[in-house]
Each structure stands twice: as structure tokens, then as C-alpha cells.
1. If you go through the range 108-120 one residue at a time, how many are crowded, with 16+ Cβ neighbours inside 10 Å, of a type outside the set (Asp, Glu) and more than 19 Å from Val177 (Cβ to Cβ)?
2. For the range 142-161, does any single residue satisfy the condition of being under 19 Å from Leu98 (Cβ atoms), at pLDDT 90 or above, within 16 Å of the chain's Cα centre (by Cα) and assigned by TED's automatic domain parsing to the domain that holds Leu94?
3. What about Leu105, is it under 30 Å from Ile138 (Cβ atoms), among the hydrophobic types (A, V, I, L, M, F, W, C) and either surrounded by fewer than 18 Cβ atoms within 10 Å (Cβ to Cβ) or at pLDDT 95 or above (or both)?
4. May I ask you to say which residue of Leu158, Leu147 is crowded, with 21+ Cβ neighbours inside 10 Å, of a type outside the set (Gly, Ala, Ser), farther than 30 Å from Val24 by Cβ and without any contact (Cβ under 8 Å) to a residue 40 or more places away in the chain?
5. Among the residues of the range 74-92, is any touching a Ser or Thr at 6+ places or on another chain (Cβ under 9 Å) and either more than 28 Å from Met185 (Cβ to Cβ) or outside any helix (DSSP H, G or I) (or both)?
6. Which of (1) modelled with pLDDT under 95; (2) not hydroxyl-bearing (Ser, Thr, Tyr); (3) not assigned by TED's automatic domain parsing to the domain that holds Gln187 is the odd one out, the single condition Glu113 does not satisfy?
Amino acid sequence: MEERTRPLGRPRSEDARLAVLRAVDDMLVEEGYAAMTMKGIAERAKVGRQTVYRWWSSKAEILLEASAADAVRELTVPPSESAEGDVVAFLAALSGFLTESDAGLAYRALLGEAQHDAKVAELLRGTDVLGDAARVLIAQVQDRGGLVGFAGAARETLVAELVGPTLFRTLVEGRPVEPAAIADMSQRFLATSR
């Protein structure tokens, strides 16, 4: 019988990783961020606690990974017939992400936690879920000839101007931004480049 040699430690199982990400999403909706524990996440995912700690050091890391993966899908908007159409579609997707999506709920929970947990704040600075999506949209609009003259640091200002109003309204009002307000925000944002 041939003896097999195995590398030290177990390889990361994609099935286990996905089970953990699903578990953290479900637990957030059912129990809230404060009630989640690494032990509870492992039990819900039906994996060992060691498996969870091998890949993530905190529930915030797990939640951010789950949120970021969904955000890419939910905040990517295909080009429309106009730059304004692109911005309107993005802002509508952003509003929906923040108010209707489990991933958006996760992101909002992390934003709240970051207000009093420096490690979570640092984690969010390292993975800019909303900013990354906004940068893609801004590049899309710039490729159409809009927002001319905004590069580097100025582009980061555009990111804040694109995401900020929707994020603020969502956090303050706790509901989706109305279509008329999205249209107004889109027009104001595009007027920035004129």
C-alpha cells in the first residue's frame, strides 16, 4: 500500500467557506451583529471552530467578505444609453443594496460597529466595498466622455460625491431613496464635471 504524504494543515475547502459565508448572512438577519459569535457561526455552518479561525480572525472579517462578494454582483450596472442613465442605475442599485440586500445589511452593521471598534474601522478602510463599485461606475462614465479632468485624488472626491448622499439618506432614513431623489442626485453629480 502506497503511503500518501499530505501537506501540513488542511487545504481551504470552498464548500466550508461558502457555508460560513451563508451562515453569517443568515445569523445577521435572524440575530443581529452583536449576538453573533465565532462559535455560533461555526456551529451554524457545520464546520469546526478551528476551521473558522484558520481563515478569519473575527466575525467582522467574515461579514465583510460575504458583503464584498455580493456587493460586486449587486452594484455592477451595465452601460445604459447615457451617462445619466448609468448614474441613475448605480444609485438605484446602491439604494437597494443598502436597504434590501442581506449583504447591504451586513455592510451597514459593520459601519455601525466601526464607530466604536478601531479594528473594524481599519478593516473597512482596507476593503472599500462601496468605493470600489463607485470607481467602476465613474470609469464607465469617464469612458463616455463625462467627468473630464477628474483623476487621482479628484476621483476620490467623485467617489464620495457619488456614494455619500445615498449612504447618508439610507443611514438616516432607513429606507430606499425615492426614484425622483435618485434622478436629482444623478443630475447634480454629473453637473460636477461641467
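The values are calculated or read from the model by the stated rules, or taken from the named source; none is laboratory data. These numbers were taken from a predicted model, which means no experiment stands behind them. As a convention, Cβ positions derive from the backbone with ideal geometry for all residues, glycine included, and neighbour counts pool all protein chains shown.
1. 4
2. Within the range 142-161, one or more residues are under 19 Å from Leu98 (Cβ atoms), at pLDDT 90 or above, within 16 Å of the chain's Cα centre (by Cα) and assigned by TED's automatic domain parsing to the domain that holds Leu94.
3. Values: under 30 Å from Ile138 (Cβ atoms): yes; among the hydrophobic types (A, V, I, L, M, F, W, C): yes; either surrounded by fewer than 18 Cβ atoms within 10 Å (Cβ to Cβ) or at pLDDT 95 or above (or both): no.
Judged against the criteria, Leu105 is not a match.
4. Numbers: Leu147 fails: without any contact (Cβ under 8 Å) to a residue 40 or more places away in the chain.
Of the residues listed, the single one that is crowded, with 21+ Cβ neighbours inside 10 Å, of a type outside the set (Gly, Ala, Ser), farther than 30 Å from Val24 by Cβ and without any contact (Cβ under 8 Å) to a residue 40 or more places away in the chain is Leu158.
5. Taking every residue of the range 74-92 in turn, none turns out to be touching a Ser or Thr at 6+ places or on another chain (Cβ under 9 Å) and either more than 28 Å from Met185 (Cβ to Cβ) or outside any helix (DSSP H, G or I) (or both).
6. The number of the failed condition is (3).
Rundown of residues vs (1) closer than 30 Å to Ala183 by Cα; (2) in contact (Cβ under 8 Å) with a residue 12 or more places away in the chain; (3) in contact with a helix residue (DSSP H, G or I) (Cβ under 9 Å, 6 or more places away or on another chain), yes/no style:
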residue	(1), (2), (3)
Met36	no, yes, yes
Gly40	no, yes, yes
Ser58	no, yes, yes
Glu61	no, yes, yes
Leu64	yes, yes, yes
Ser67	yes, yes, yes
Leu75	yes, yes, yes
Ser80	yes, no, yes
Val88	yes, yes, yes
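Per-residue answers, yes or no, for (1) surrounded by fewer than 19 Cβ atoms within 10 Å (Cβ to Cβ); (2) assigned to a helix (DSSP H, G or I):
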residue: Met27; (1), (2): no, yes
residue: Glu43; (1), (2): yes, yes
residue: Val52; (1), (2): no, yes
residue: Ser57; (1), (2): yes, no
residue: Leu64; (1), (2): no, yes
